[in-house]
Amino acid sequence: MDGYRGTVHWENIASMREEFQQMQISDELYEIDRDRFTCAGGSAPMDMMLKLIADSQGSKLSANISEQFMCDRIRGRHDRQRTPLQAHLGSGQPKLIEAVTLMEANIEEPMSVDELAKLVGISRRQLERLFQKHLNCVPTRYYMDLRLNCARRLLLQTDKSIVDVSLACGFVSAPHFSKCYRDFFGIPPRGERHLKQASNSK
């Protein structure tokens, strides 16, 4: 896959980007790059196959097959893999969704709340009110939770050192990362790794 564009399930994107830097990993539902076909899992293979059928045999046949499989619609490759926040909040909170999307895209170099507010076009106070009202937390807490969950995936899915994981998730030092991780998950990063290794050796 070196030099090719591909995709994986959203939970594995961060670790894949760290481990396979010669591969262009996207967060699309599926990718078709020359003779390489990849998809995000779940029902994404169906979307990819329906797209291939539409391209080679026409959209009518693709739509008929979609009906047989009771797919309510054929998703395109640009449809987001994850929509839980949008589904939870509805379309009435575009500024909040925009802020969270920016957070998810800036894990390694976290943005300040002031920067986020400026980019989404509202005041810091307005942004804080949106988070408190709809997510029951302040933006910094939500951002920290995102980064720690990303760190956990890297710890469990890669062999990267704890220092490298902490840097990849925007922490300035490994001790600070370890403290935050332990406070959030109830176990230090090293302990998490040991549990994984013990589980794999059984």
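The values are calculated or read from the model by the stated rules, or taken from the named source; none is laboratory data. As the structure is a computational prediction, the values presented were derived from the model and not from experiment. Cβ: placed from backbone, ideal geometry, glycine included. Neighbour counts: every protein chain shown.
Structural remarks
- Checked across region 24-35, the condition of being at pLDDT 80 or above, assigned to a helix (DSSP H, G or I), among the β-branched types (Val, Ile, Thr) and more than 14 Å from the chain's Cα centre (by Cα) holds for no residue.
- Within region 129-143, tally of residues that are free of Cβ contacts under 8 Å to residues at least 40 places away in the same chain and either more than 27 Å from Ser178 (Cα to Cα) or aliphatic (A, V, I, L, M) (or both): 5
- Within region 41-56, the only residue that satisfies the criterion of being part of a loop (DSSP other than H, G, I, E, B) and either in contact with an Asp or Glu (Cβ under 9 Å, 6 or more places away or on another chain) or on the phi < 0 side of the Ramachandran plot (or both) is Ser43.
- When the criteria are applied in full, Met46 meets the requirement of being in contact with a helix residue (DSSP H, G or I) (Cβ under 9 Å, 6 or more places away or on another chain), in contact (Cβ under 8 Å) with a residue 12 or more places away in the chain and not small (Gly, Ala, Ser).
- Here Glu128, Glu67 are screened, and the one residue that is farther than 30 Å from Gln21 by Cβ and modelled with pLDDT of 90 or more is Glu128.
- Any hit, region 113-129, residues being crowded, with 18+ Cβ neighbours inside 10 Å, part of a helix (DSSP H, G or I) and not aliphatic (A, V, I, L, M): no
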